[in-house]
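I have placed the structure first, in the form of structure tokens, so that the comments after it can refer back to it.
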Amino acid sequence: MLRTRSCLIFALCLSSNFAAVAADAPPFEPAQAKAWFAEATQQCQKDGGKLWGASLCGPIMLVDPPTRRVIANQADAQGLLKAEQGVFTGHLPDDVSFANSSLDWAGVRWAQMGWPLPADAGQRRVLMAHESFHRIQSQVGLDPPHELGNDQLDTLQGRYLMQLEWRALAKAVAAADDKARRSHAADALLFRAARYRQFPDAAQSERSLERNEGLAEYTGIAIGAVSPAERTALTADDLVSHVSAPSFVRSFAYATGPGYGLLLDRYLPAWRQRIRTPDTGLSDLLAGALGIKNANATDAEVQRHAIAYDGPALLAAEQAREQRHQQDIARYKALLVDGPRLVLPLHEPKVMFNPSTLVPLGEAGTVYPTIKVLSDWGAIEVSAGALLAPDWKHLYVAVPGKQAARTGTIAGPGWTLKLNDGWRMDAGERPGDLLVSPANQGAH
């Protein structure tokens, strides 16, 4: 089962994948939250700040998505939360984003998570430590980098080589002897080098996400696991669970981060200091520690090594997937690029989405099959696809099939838009397009 952690994009954008609450989930009540807070405190106190030089203990906020109710482990700085049964409760305003990530709100920087937390104790501890890392990462010299697109991971070869890398990392993490471990680690680095030869920009774009979500997931496992065996098991789970994600574009680092991190703990114990140097990558550090150079590896050599990881069968499956994927791309282009669309300008938006479903459309932007966006004009919830421009300055959805209201709440194909007072829909620049704009600008 795919497990989504935090999804922080830039300093201004929060995102998340809040799954539907299971019928047997614990009720959102102080006693349960207090027990989970105690669990997080026990783990961070056990680490004592050794991992990164700063304690992960600190403010935690749990949010019930349907009601936006909040249970926190401490008071806020503005008195908005009230003490109740040893915790603090309140309500998150509608204009404040919630996510599995970090949040500055009411004078406090929080590690924020959606209710309920995972039922599995190991996964729950990992999640709490992961999000607590995001809360302190700037403090320890690991400011979230400007994340770049990883469109190569939505291509046939990009996906194929990434999965080979995951498989080799999984075998390296699970290996019982050093020779096998080094051999599989070398193969993982070989598959990565092959991907970077095909996609030269991938080294920088993948490194940026691994330095954010990859390090956070590694931290979650390093601190959340109660034993070396559990640390290995949780890392192995990350390396196989993300295979089921519809897209690897933004989910891959949740798997590679712990995989490389665990190997670096063994072969380069000082790596957590060296990774703080800008533009330093996890795979670069491991290749240096193991003395591996793959820059001149041939395609034939890559395919020969792929056999050990069931590469031929994997390639066949990816070729079949690519045919279906191209049909999806054509459908989205017809709907959101070529067809009439509603244009929503974005100014410091707060964005919530599922990072495992993104569909890149090249220079046109990226399709988010499901997304919620808050901006100065109001809020839109999309369930049938929206196109986000590469510069994050515009969002596009398909126009309604018939004349829609121009103000207030507007329903379209797979989306609902709630416009704030002072905003309306007018004619756009292209025939058939509509544009959200201030009402005082007048009709186009």
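Quick notes on this one:
- Filtered residue count, region 129-151, keeping only those that are touching a strand residue (DSSP E or B) at 6+ places or on another chain (Cβ under 7 Å), under 28 Å from Val226 (Cβ atoms) and not basic (Lys, Arg): 3
- Residue count for region 93-137 under the criterion of being hydroxyl-bearing (Ser, Thr, Tyr) and at pLDDT 95 or above: the result is 1.
- Given (1) open to solvent by less than 70 Å² (accessible area, probe 1.4 Å); (2) more than 22 Å from Thr256 (Cα to Cα); (3) outside any helix (DSSP H, G or I), number of the condition His347 does not satisfy: (1)
- Selected residue [touching a residue at least 60 places away in the same chain (Cβ under 8 Å), open to solvent by 60 Å² or more (accessible area, probe 1.4 Å), in a helix (DSSP H, G or I) and on the phi < 0 side of the Ramachandran plot] from Gln319, Gln323: Gln319
- Condition met for Arg250 (of a type in the set (Lys, Arg) and farther than 25 Å from His146 by Cβ): no
- When residues of region 253-278 are limited to those that are open to solvent by less than 10 Å² (accessible area, probe 1.4 Å) and among the aromatic types (Phe, Trp, Tyr), the one nearest to Thr357 (Cα to Cα): Tyr254
- Scanning region 285-313 for residues that are of a type in the set (Val, Ile, Thr) and surrounded by 11 or more Cβ atoms within 10 Å (Cβ to Cβ) yields Ile292, Val302.
- Scanning region 326-338 for residues that are of a type in the set (Gly, Ala, Ser) and either within 17 Å of Val382 (Cα to Cα) or surrounded by 15 or more Cβ atoms within 10 Å (Cβ to Cβ) (or both) yields no hits at all.
- Enumeration of residues in region 326-337 that are hydrophobic (A, V, I, L, M, F, W, C) and touching a residue at least 12 places away in the same chain (Cβ under 8 Å): Ile329, Leu335, Leu336, Val337
- Matching residues, region 338-363, being under 19 Å from Leu156 (Cβ atoms) and free of Cβ contacts under 8 Å to residues at least 40 places away in the same chain: Leu361
- Failed item, numbered, when Gly432 is tested on (1) in a loop (DSSP other than H, G, I, E, B); (2) touching a residue at least 60 places away in the same chain (Cβ under 8 Å); (3) under 30 Å from the mean Cα position of the chain (by Cα): (3)
- Selection count, region 77-100, where residues are in contact with an Asp or Glu (Cβ under 9 Å, 6 or more places away or on another chain), part of a strand (DSSP E or B) and more than 18 Å from Pro66 (Cα to Cα): 1
- When residues of region 409-428 are limited to those that are without any contact (Cβ under 8 Å) to a residue 24 or more places away in the chain and outside any strand (DSSP E or B), the one most open to solvent (accessible area, probe 1.4 Å): Asp421
- Checked against (1) in contact with a Gly (Cβ under 8 Å, 6 or more places away or on another chain); (2) hydrophobic (A, V, I, L, M, F, W, C); (3) part of a strand (DSSP E or B); (4) open to solvent by 20 Å² or more (accessible area, probe 1.4 Å), Leu374 passes all but condition (1).
- Where helices (runs of 4 or more DSSP H) sit wholly within region 135-252, those with at least 3 residues that are among the hydrophobic types (A, V, I, L, M, F, W, C) and open to solvent by 40 Å² or more (accessible area, probe 1.4 Å) occupy 228-241.
- Within region 56-75, considering residues that are in a loop (DSSP other than H, G, I, E, B) and under 23 Å from the mean Cα position of the chain (by Cα), the one nearest to Asp104 (Cα to Cα): Pro59
Every residue, every condition in (1) at pLDDT below 95; (2) within 26 Å of the chain's Cα centre (by Cα), yes or no:
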| residue | (1), (2) |
| --- | --- |
| Leu234 | no, yes |
| Ser244 | yes, yes |
| Asp284 | no, yes |
| Asn294 | yes, no |
| Ala308 | no, no |
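- Residue within region 383-400 that is assigned to a loop (DSSP other than H, G, I, E, B) and in contact with a Lys or Arg (Cβ under 7 Å, 6 or more places away or on another chain) present: yes
- Residue match in region 55-66 (condition: small (Gly, Ala, Ser) and either within 30 Å of His347 (Cα to Cα) or open to solvent by less than 20 Å² (accessible area, probe 1.4 Å) (or both)): no
- Look at (1) surrounded by 20 or more Cβ atoms within 10 Å (Cβ to Cβ); (2) in contact with a Ser or Thr (Cβ under 9 Å, 6 or more places away or on another chain) and you find that Lys82 fails only one, number (1).
The values are calculated or read from the model by the stated rules, or taken from the named source; none is laboratory data. From a predicted model like this one, the values you see are computed outputs, not experimental measurements. Note: ideal-geometry Cβ built from the backbone for every residue, glycine included; neighbour counts use all protein chains shown. Heavy atoms of the whole protein, side chains included, go into the accessibility calculation; ligands, DNA and RNA do not. Shrake-Rupley method; radii C 1.70, N 1.55, O 1.52, S 1.80 Å.
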